[in-house]
1. With respect to residue 75, determine if the residue is out of contact with any Pro (no Cβ under 9 Å at 6 or more places or on another chain), surrounded by fewer than 22 Cβ atoms within 10 Å (Cβ to Cβ), of a type outside the set (Lys, Arg) and within 24 Å of residue 238 (Cα to Cα).
2. Which of the residues spanning the stretch 15-46 are of a type outside the set (A, V, I, L, M, F, W, C) and surrounded by fewer than 22 Cβ atoms within 10 Å (Cβ to Cβ)?
3. Given the conditions (1) at pLDDT 85 or above; (2) crowded, with 18+ Cβ neighbours inside 10 Å; (3) part of a helix (DSSP H, G or I), which single one is not true for residue 252?
4. Please find, within the stretch 332-372, the residue that is modelled with the lowest pLDDT out of those that are closer than 15 Å to residue 9 by Cα and among the aliphatic types (A, V, I, L, M).
5. Return a yes/no flag: does the stretch 126-148 have any residue that is in contact with a Ser or Thr (Cβ under 6 Å, 6 or more places away or on another chain), among the small types (Gly, Ala, Ser), buried (at least 16 other Cβ atoms within 10 Å of the Cβ) and modelled with pLDDT of 90 or more.
6. Confirm whether residue 259 is part of a helix (DSSP H, G or I), aliphatic (A, V, I, L, M), surrounded by 13 or more Cβ atoms within 10 Å (Cβ to Cβ) and at pLDDT 90 or above.
7. Consider residue 235 carefully, then state whether it is under 22 Å from residue 135 (Cβ atoms) and modelled with pLDDT of 85 or more.
8. Could you check the stretch 111-142 and list, in sequence order, the residues that are closer than 11 Å to residue 182 by Cβ, touching a residue at least 60 places away in the same chain (Cβ under 8 Å) and of a type in the set (S, T, N, Q)?
Amino acid sequence: MLGLAFAYLRDRSLTTALNILLLAISVAMLVLLVQFSSQMTSRLERDSQGIDLVVGAKGSPLQLILSSIFHVDQPTGNIPFDSLAMLRRDPAVRAAIPLALGDNFDGYRIVGTDASYVSFHGSKIDQGRMFETPMDAILGAAVARATGARLGQQFIGSHGLETEQADGQGHDHAPFETVGILAPSGTVLDRLILTSVESVWDVHGIDHDHREEPQGEHHHDHATGDQSQTTRGALEPELTAILVSYRNASGAIRIPSMINRQTDLQAATPAVETARLIALFGAGMEGARIFAWLLAATGGLAIFIALLTMARSREADLALLRVMGASKPQVFGTILLEGLITAASGAIFGLIGAHAALFIASRSFQTLGELGLNAFGFLPAELAIVGAVLLIGVLAALIPAALVFRINLARTLARTA
């Protein structure tokens, strides 16, 4: 019966191919939506875990979150270095981690920070050691794998956070040296190059020999960006953002409002902004999901029409099968197999197409690559999609298959004699 089902499908190959294509497109769309939604939500939650607040320059709160936590957007600007001391003095602040951005190497962002940034994300050194002196750098696992960098190798950063946005000028006067490589962590650290804030200042020619750690109020005369200047033409001490975690719940009530109302800084809450980001995508993804299921239903309807037409046009063949000894359940099962094979083919091609599209997208679009989009992960929801499509194929074949029980063998064979 299986061979006969394949023979019937080959006999109307064009119709079969179109039905498979409809189902494959619907499956691919559904899998893409499930994968993107699941991976994006998981990535956002994992990378922002433990970060209660991000302090940066005035601008879009969402942009501040994307650039400082997920490193997929441009920063809103720079903030005074003294802001770090102000936050660390607050009794409600458990940790305040500085970030200084501005350069990249081979498209991977170079982030000036301190050692607590690594432990904060639960990562550790796999090879070498942590950066200790200016121009020491440690590479994320994905960076080391993509660039083939080894311990002791030097590299030169380029101005700008992305390769295509760089000004084409490398900082030849201040090469970095790879002193460590991070173990894979599944977080944003895998895609970053970490160094000290002092290294970022050195790259931009800022003197920090007199700099002290921000334990109290100090005045500094250095900056993280070459564009910020005082009226005397000197560079000011600046950071791009500060990641904050609270010591107690009172911080969540007091600190954001204090920063937003009483300073020139901006405080953005990751939980609020990521929820807003997911909501922005949610409406579009829901619409696409409805369209995909309608497309799958259309594919099922096409299978139903094709099999119904086949059953009516081949009554003589089916009657002959009965005369040759095939039972009604066997003939019934043959038609069901046609619907099932068509649906299974569509599901398989849809799965392959979806994961191939994920792979191409992660290589073609830098933002998706920076989000760590994985083309080879398989989600349980994909099994549910495949099962639903197979069910559609079987249901579409039920009525045409049931016509087998209504065939009058004598009348049908006499009519075709």
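1. No.
2. Once the filter is applied, which keeps residues that are of a type outside the set (A, V, I, L, M, F, W, C) and surrounded by fewer than 22 Cβ atoms within 10 Å (Cβ to Cβ), the stretch 15-46 yields 15, 16, 37, 38, 39, 41, 42, 43, 45, 46.
3. Every listed condition holds for residue 252 apart from (2).
4. This residue is 335.
5. Checked the stretch 126-148: at least one residue is in contact with a Ser or Thr (Cβ under 6 Å, 6 or more places away or on another chain), among the small types (Gly, Ala, Ser), buried (at least 16 other Cβ atoms within 10 Å of the Cβ) and modelled with pLDDT of 90 or more.
6. So residue 259 fits the description; yes.
7. no
8. Once the filter is applied, which keeps residues that are closer than 11 Å to residue 182 by Cβ, touching a residue at least 60 places away in the same chain (Cβ under 8 Å) and of a type in the set (S, T, N, Q), the stretch 111-142 yields only 123.
The values are calculated or read from the model by the stated rules, or taken from the named source; none is laboratory data. Keep in mind the model is a prediction, meaning the values are calculated, not measured. Cβ atoms come from the backbone with ideal geometry, glycine included; neighbour counts cover every protein chain shown.
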